[in-house]
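K.L.:
If you scroll down you'll find the structure; I have some questions about it.
Nothing in this text is a laboratory measurement; each read-out follows from the coordinates by a stated rule. No experiment lies behind these values; they were computed from the predicted model shown. All Cβ positions, glycine included, derive from the backbone under ideal geometry; neighbour counts span all protein chains shown.
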Amino acid sequence: MNQLISTFFGVGYLPKAPGTWGSLVALIIWWFVPIDDIFLQTSLIMIAIVLGVYTSAKFSKEINKSDPSEVVIDEVVGMWIALFIIPKSIFLYVTSFILFRILDITKPLIIDKAQKLPNGWGIMMDDVIAGLIAWMIVLGIYGIYIG
């Protein structure tokens, strides 16, 4: 079960750039989550964070790797955070995706420090923070876009 959830049902085993695949699958799923249901959006993110911290820690210990590339539940959570209450717009979704991936890959400042947290916290929190930063930037772009 740890492997299934932490690899997001096997998405983490897709060849080349599993984190990008995980983010893309997360984006596609989120497109179908109702924008006006903040309770559902918040619940999905919180459940995924809790499951992600637990299962990624267990799975990484099982295979003896500190942050296995096949673990993509962290990218799923980060992408969902980056899309939280964002209107369903191809432009905004693609912008969120690109910003999140850039932040997740380059890991500037606090994002890099967060990945040094112990166990599943380090695996998850760098993507949570990258998602939050991407989300804030996209909200700003959306404000300009509608303003």
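K.L.:
Peptides 93-101, 10-18: what's the order by average Cβ count within 10 Å, highest mean first?
P.N.:
93-101, 10-18
K.L.:
In region 74-136, if every C-alpha pair distance is counted and binned at 5 Å from zero, what percent goes to each bin?
P.N.:
4, 23, 30, 22, 11, 6, 3, 0
K.L.:
What number, rounded to the nearest 500 deg cm²/dmol, is the helix-based mean residue ellipticity at 222 nm of the chain, given -39500 (n - 2.57) per DSSP H run of at least four residues and division by all its residues?
P.N.:
Numbers: 7 runs with 104 residues, N = 147.
Theoretical 222 nm ellipticity from helices: -23000 deg cm²/dmol.
K.L.:
How would you order 28-35, 1-8 from highest to lowest mean count of nearby Cβ atoms within 10 Å?
P.N.:
Per-residue Cβ counts within 10 Å, averaged per peptide and sorted highest first, yield 1-8, 28-35.
K.L.:
Which ³J(HN,Hα) values in Hz, rounded to whole numbers, follow from the phi angles of region 16-21 under the Karplus curve 6.51 cos²θ - 1.76 cosθ + 1.60, where θ = phi - 60° and Gly and Pro get x?
P.N.:
6, 6, x, x, 5, 4
K.L.:
Could you tell me the number of lysine pairs in region 16-146 with C-alpha atoms less than 25 Å from each other, where the two lysines are 8 or more residues apart or belong to different chains?
P.N.:
So the count works out to 15.
K.L.:
Additional query: Per-residue counts of other Cβ atoms within 10 Å, averaged by peptide: what ranking do you get for 84-91, 70-77, highest first? Could you put the intermediate results ahead of the total?
P.N.:
Details: 84-91: 14.0, 70-77: 28.4.
Listed from highest to lowest mean packing, they are 70-77, 84-91.
K.L.:
The list (i) 138; (ii) 99; (iii) 109 gives values of volume of the Cα convex hull per residue in Å³, and only one came from this structure; which label was calculated from it?
P.N.:
(ii)
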